[in-house]
Amino acid sequence: MGDIKTSALEKKIKVAAKKIPADLVVKNGTIVNVFTGELMSGDIAITEGTIVGIGSYDGVKIIDARNKIIVPGFIDGHVHIESSLLTPKEFSKVVMQHGVTSVITDPHEIANVAGADGIQFMIEESKNLPIDIYVMLSSCVPATKFENNGALLNAKQLEPFLSEPEVLGLAEVMDFASVKKGDSIMIDKLAMVQEIDGFIDGHAAGLTREELNIYLAAGIRTDHESINAQEAKDRLDLGMYLMIREGTVAKDLTALLPAVTVKNARRCLFVTDDKLIDDLLEEGSIDHIVRLAIQKGLDPITAIQMGTLNTAECFNLTHLGAIASGYQADFLILDDLETIAIDQVYKKGVCISDNGKLNSSLFESSSEKKLNGAELAKINAQKLTTEALAIPLTDPTCNVIGIIPNSLVTDHLKENVTVEKGLFIPSTKKDQLKIAVIERHKGTDHIGLGIVKGFRLKKGAIATTVAHDSHNIVAVGTSDQEILKAVEQVIKTNGGLAVVAGEQVLASLSLPVAGLMTESGYLEVDQTLKELNKAAIMIGETVNFNPFLTLSFLTLPVIPKLKLTDLGLFDFESSSHIPIQVIKGAI
């Protein structure tokens, strides 16, 4: 191996010195210099997958960039691949067409279902793909003590993964309470990663400026949970990297951009976090965020820096993020700097996508796999009855989860609901529907029940096994019978999404890989999602948010304000479960 590396190094130096031709030379393009913020010209010489010179070079193969714009490949600084509903191979096919050549992923979703095997599965599936997939080890498995998940990961179980070259450190630490009180299990994880100079991502939803100091003292340097400009400024003021998130549900770019200035922009980067396959195909990934930022007035080169070099520097990926000698030859040829229309995508000097046409042959992974995705974690839920879904009430005033469109945050509403014979009755007129979370990992009888407002269903129910972060079954509907039917459908397919009306299943997507992903092709999955979205409109109204992804985040208790777990209704502010019925005097 040493001889091979030495030979490759010698060749790169010889090409840089113009003693021998480069493998590939890109000519006639305008290069975006992300170091200086300027445009420059020059040939790009590439050998052994690395840029070895900018200037005037000869090459075995010549690419004419035709006076177009050349920028580094985009890097997604924080993404859960599982949330696309695709395995890494199919996910990479989609995002690489949109110019994303590297991602930093947290396999938090599959880890909470299948533990260490889930992380191993994602690492194995990511090998030998043309994209660079770096892994941050899931820090909170389980995510909280307020719900039941499928696994437990402590420092001892995570430590073996640190030897994997793709692993960079510890993923978003969302259990702030454990950090603050110095919980030994959490401290062991933090110390383990700090000992190897690894990176630690934060999850600072709802934290005050003073509380951010605790995260920083723990070695946490990033956060993607800012939802307004003041929160963004607090993080930048205190020395954190600001991850600006624009995904399918959480769309924070518009609110955070006012905090970005000429002086602090180099500490800002773009992330998608969670984005479904249909949005990835139609909008894009980091390219979409860069494009949107430019439309909202951000300087184009600054936006490109935030999607490339800034992310690379944040994670010390010193070979990525720029068009310069010594950097990996990951680059895009764009039509212009305004629309970020992508003509070609190159990874290590190899063309991945040309005018929207993907080189699919590059995505056939040849790595040996020890784990079968469909065998990772089977649905293990007790048989459900409509009686188990009953919500008894003695008073109509209830705590209600209020959906805020395109936000992970919910409102904590207190409203009068319909009560008949001592039981809550969903009301389509009031838009007060029943929501249920059914534990699906260990076959317990845990069912959390609540009332939600904002889905605007007129009939039927929807259900999914993608339910952050413990990924139990969550369903919302207008009747107990239809909720039961939707839940039965996703159990039948060993995980998935379903829309029902009456006794009819209108649409369904099977997610047999831990109830989170399918191994089907991305185009097939996209078509099925379109059918699901049409079915959701058939049973309700057209809404300006994705109902499935919104539903999947209503179970996440580490995000304000009111959520639902398999153990019941959870109030973020008091960090405790609360009754559905409002206690007199609490209004």
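The values are calculated or read from the model by the stated rules, or taken from the named source; none is laboratory data. On a predicted model such as this, the values are computed, not experimentally measured, just so you know. Backbone-built Cβ (ideal geometry, glycine too); neighbour counts: all protein chains shown.
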- Item | Only listed residue being touching a residue at least 40 places away in the same chain (Cβ under 8 Å), under 30 Å from Phe553 (Cβ atoms) and not hydroxyl-bearing (Ser, Thr, Tyr), chosen from Ala114, Ala8 | Ala114
- Hey, can you tell me all the residues within the stretch 261-277 that are under 30 Å from Glu524 (Cα atoms) and among the polar types (S, T, N, Q)? Thr272
- Item | Cross-chain or 6+ apart pairs with Cβ under 8 Å, the stretch 31-50 first and not assigned by TED's automatic domain parsing to the domain that holds Val290, then assigned to a strand (DSSP E or B) and of a type in the set (Ser, Thr, Tyr) | Ile31/Ser41; Leu39/Thr30; Met40/Thr30; Ser41/Thr30
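Could you please let me know if Leu129 is surrounded by fewer than 22 Cβ atoms within 10 Å (Cβ to Cβ) and part of a loop (DSSP other than H, G, I, E, B)? Give the steps one after another, and end with the answer.
On the way: surrounded by fewer than 22 Cβ atoms within 10 Å (Cβ to Cβ): yes; part of a loop (DSSP other than H, G, I, E, B): yes.
Judged against the criteria, Leu129 is a match.
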- Residues of the stretch 338-350 being within 26 Å of the chain's Cα centre (by Cα) and of a type in the set (A, V, I, L, M, F, W, C), in sequence order, are Ile340, Ala341, Ile342, Val345
- Message: So, in the stretch 34-49, how many residues would count as being polar (S, T, N, Q) and surrounded by fewer than 17 Cβ atoms within 10 Å (Cβ to Cβ)?
- Response: 2
- Task: Give the residue that is nearest to Ser83 (Cα to Cα), with candidates limited to residues of the stretch 278-310 that are of a type in the set (Val, Ile, Thr) and touching a residue at least 60 places away in the same chain (Cβ under 8 Å).
- Result: Ile286
- Task: May I ask you to list the residues in the stretch 79-109 that are under 12 Å from the mean Cα position of the chain (by Cα) and assigned to a helix (DSSP H, G or I)?
- Result: Ile81, Glu82, Ser83, Ser84, Phe91, His108, Glu109
- Of all residues in the stretch 547-575, count the ones that are surrounded by fewer than 17 Cβ atoms within 10 Å (Cβ to Cβ) and in contact (Cβ under 8 Å) with a residue 12 or more places away in the chain. 3
- Item | Exclusive hit being closer than 30 Å to Asp445 by Cβ and of a type in the set (Lys, Arg), set Lys145, Lys127, Lys61 | Lys145
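Among the residues of the stretch 259-302 satisfying the criterion of being of a type in the set (D, E, K, R) and in a loop (DSSP other than H, G, I, E, B), which is modelled with the lowest pLDDT? Spell out the reasoning first.
Keep residues of the stretch 259-302 that are of a type in the set (D, E, K, R), which gives 263, 266-267, 273-275, 278-279, 282-283, 287, 291, 296, 299.
Filter again for in a loop (DSSP other than H, G, I, E, B), leaving 263, 274-275, 283, 296, 299.
Working: Lys263: 97, Asp274: 85, Lys275: 89, Glu283: 95, Lys296: 97, Asp299: 98.
Among those residues, the one meeting the criterion is Asp274.
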- Considering the stretch 143-201 alone, what residues qualify as being touching a Lys or Arg at 6+ places or on another chain (Cβ under 8 Å), at pLDDT below 95 and small (Gly, Ala, Ser)? Gly150
